[in-house]
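Beneath this line is the structure, given in structure tokens, with notes to follow.
The values are calculated or read from the model by the stated rules, or taken from the named source; none is laboratory data. All figures in this text were calculated on a predicted structure; none of them were measured in a lab. Here the Cβ positions follow ideal geometry from the backbone for every residue, glycine too, while neighbour counts run over all protein chains shown.
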Amino acid sequence: MSSIELLSECTSSELKSKDSNISLENISLDYGQSGKKFRALENINLQLCSDDFVCVLGPSGCGKSSLLNIIAGYLTPSSGNVFIDGNSHTSPDPQVGVVFQQPNLLPWLNIQKNIEFGLKMKGASKAKRVEIASHYLELVGLRDYDKSYPHQLSGGMKQRAAIARTLAADPKIILLDEPFSALDALTREKMQKHLYFIWEKTRKCLFFITHDVDEALLLGNRIIIMHSNPGRIIKEYKNPLIRSKEQNFRKLRSQKEFFEMREYLIDQIQEDDEKNNE
Ligand code: ADP
Ligand code: MG
């Protein structure tokens, strides 16, 4: 079987049979006023489950961030609904965690206190806060930096602290919009490994937007391709690459299958870019 055949499409019945916590139903989004409307998203249907590491790929402007903002509850769709455990979700709430491109930690609090902050707001006891924050500091590899302040950490470390803070709130899903794109190549590779390790440990549902096909193939178990005008999902694939706790990214990248799938996915994305530039 060729590697492209291995990259099989997910069927909707297959996805529906899984125990889905988050469901996007017929989401469309128009920007602008009546008369001058711009359709940014059209008829998006998606089931997201715990255990999913969903990577979303698509050309710039196809609506990836708009979709993420709708799932986060920051944007209201023009039509359609987001359901979490069967309940309509229309505004930001702790069930949906967001990791931004900039870690936006509170500069006057140390890392431990930054992670505890949301828990304190929720009324967790001091002992509980310390226990949870310590657990996630350990998970993201920052145990020895609990008393450090954000300005004392590198960009990658700050981003890991931001991920720990999000995890500490125990959301059902974590949304990440190109979280590593501001990092240098080496730090980026380390962060990919960290995130994969975190996902392996927690099996949280991750909805991860990237413009980097390699990143999607290394990290995601589901890969979604979007096209623009209007923004829509055109394909969804199961990632067949061997995945293990000891994910060896260099080895994966050097496989013939990786290379072929990468080219195939890039072609699919470029098809849309070329159409728009005609
Ligand atoms: P992506 O994240 O895939 O690059 P976006 O979701 O940011 O795409 O944007 C999708 C489309 O919607 C783009 O054409 C963008 O210019 C447009 N857009 C985004 N935000 C707004 C807004 N607030 N008002 C009007 N148009 C917007
Ligand atoms: Mg974007």
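Quick notes on this structure:
- Filter result for the condition that a residue is in contact with a strand residue (DSSP E or B) (Cβ under 6 Å, 6 or more places away or on another chain) and surrounded by fewer than 19 Cβ atoms within 10 Å (Cβ to Cβ), over Ile234, Ile266, Ile209: Ile234
- Of all residues in the stretch 49-71, those that are near ligand 2 (Cβ under 9 Å from one of its atoms) and within 13 Å of the chain's Cα centre (by Cα) total 3.
- Residue within the stretch 119-128 that is within 16 Å of ligand 1 (Cβ to nearest atom) and closer than 29 Å to Ser154 by Cβ present: no
- Set side by side, the residues Pro171, Pro179 differ, and just one is in contact (Cβ under 8 Å) with a residue 24 or more places away in the chain, within 16 Å of ligand 2 (Cβ to nearest atom), closer than 30 Å to Asn87 by Cα and not polar (S, T, N, Q), which is Pro179.
- Which numbered condition Asp184 misses (of (1) in contact (Cβ under 8 Å) with a residue 60 or more places away in the chain; (2) among the charged types (D, E, K, R); (3) surrounded by fewer than 19 Cβ atoms within 10 Å (Cβ to Cβ)): (1)
- Any hit, the stretch 106-113, residues being more than 20 Å from Cys49 (Cβ to Cβ), in contact with a Phe, Trp or Tyr (Cβ under 6 Å, 6 or more places away or on another chain) and at pLDDT 95 or above: yes
- Top-ranked residue of the stretch 176-209 - restricted to ones that are among the aromatic types (Phe, Trp, Tyr) and within 16 Å of ligand 1 (Cβ to nearest atom), ranked as nearest to Gly155 (Cα to Cα): Phe180
- Cβ-Cβ contacts under 6 Å between residues 6 or more apart (or on different chains), taken from a first residue in the stretch 141-155 that is under 13 Å from Leu106 (Cα atoms) to a second residue that is assigned to a helix (DSSP H, G or I) and of a type outside the set (Gly, Ala, Ser), are listed as Ser148/Ile111; Pro150/Lys158.
- Those strands (runs of 3 or more DSSP E) lying entirely in the stretch 29-89 with at least 3 residues near ligand 1 (Cβ under 10 Å from one of its atoms) and in contact (Cβ under 8 Å) with a residue 60 or more places away in the chain: 38-48
- Only a single item in (1) within 16 Å of ligand 2 (Cβ to nearest atom); (2) farther than 30 Å from Lys275 by Cα; (3) at pLDDT below 95; (4) surrounded by fewer than 19 Cβ atoms within 10 Å (Cβ to Cβ) is not met by Gln101, and it is number (2).
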